[in-house]
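Some notes on the structure that comes next.
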Amino acid sequence: MRACRTTGEERKSSPALRRWWQQSLAALLMLLLCPAWSLAGDQSKKKGTPKPIPAAKLVWPPPPQRPRVRYVGEITGVEQFQGQQKKRSWMDRVAGVKETNAQTYLLKPYGVAADSRGRVYVADAANRLVFVFDQTNKKVEYRGHRASHRRLR
């Protein structure tokens, strides 16, 4: 009996052939599993996602307890209350005329309170101001010193 020896060329092609089989097997598994994944996705849709609760019915604590907090709306910022600002003309820009009403934006809201007149008070730690959002008159007032940003020592 003779021992069978492989040539150098056959040894070189062996890892390449093994890699080809591995890649083919991985591709075949992917093709077989794709329909299963798509069916699983369809069944999760059939189970249904919960319907969103209308904003008018959002209360805390939830029933059967007596609700103490009710969602009435959201305030996204100062620009929601101030409306459109007057545009600066190109001559003002060329001449370097600065805007007289620089807006102060909420940077770090810290606390929120409301009163019986529909005003919402928001304390801003970064600006060191209290923003007063008046929803009935659609305006914003500030409590504190807007210009002063020096820290107390």
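The values are calculated or read from the model by the stated rules, or taken from the named source; none is laboratory data. Bear in mind the structure is a predicted one, so any value in this text is a computation, not a measurement. Here the Cβ positions follow ideal geometry from the backbone for every residue, glycine too, while neighbour counts run over all protein chains shown.
When you check Ala27 against the structure, is it surrounded by 10 or more Cβ atoms within 10 Å (Cβ to Cβ) and modelled with pLDDT of 70 or more, yes or no?
yes
Are there any pairs with C-beta distances below 6 angstrom linking a residue in region 58-79 that is assigned to a loop (DSSP other than H, G, I, E, B) and of a type in the set (A, V, I, L, M) to a residue that is surrounded by 12 or more Cβ atoms within 10 Å (Cβ to Cβ) and at pLDDT 85 or above, with the two at least 6 apart or on different chains, and if so which?
Ile75/Phe133; Val78/Val140
Just checking, does region 1-8 include any residue being modelled with pLDDT under 80 and aliphatic (A, V, I, L, M)?
Yes, some residue in region 1-8 is modelled with pLDDT under 80 and aliphatic (A, V, I, L, M).
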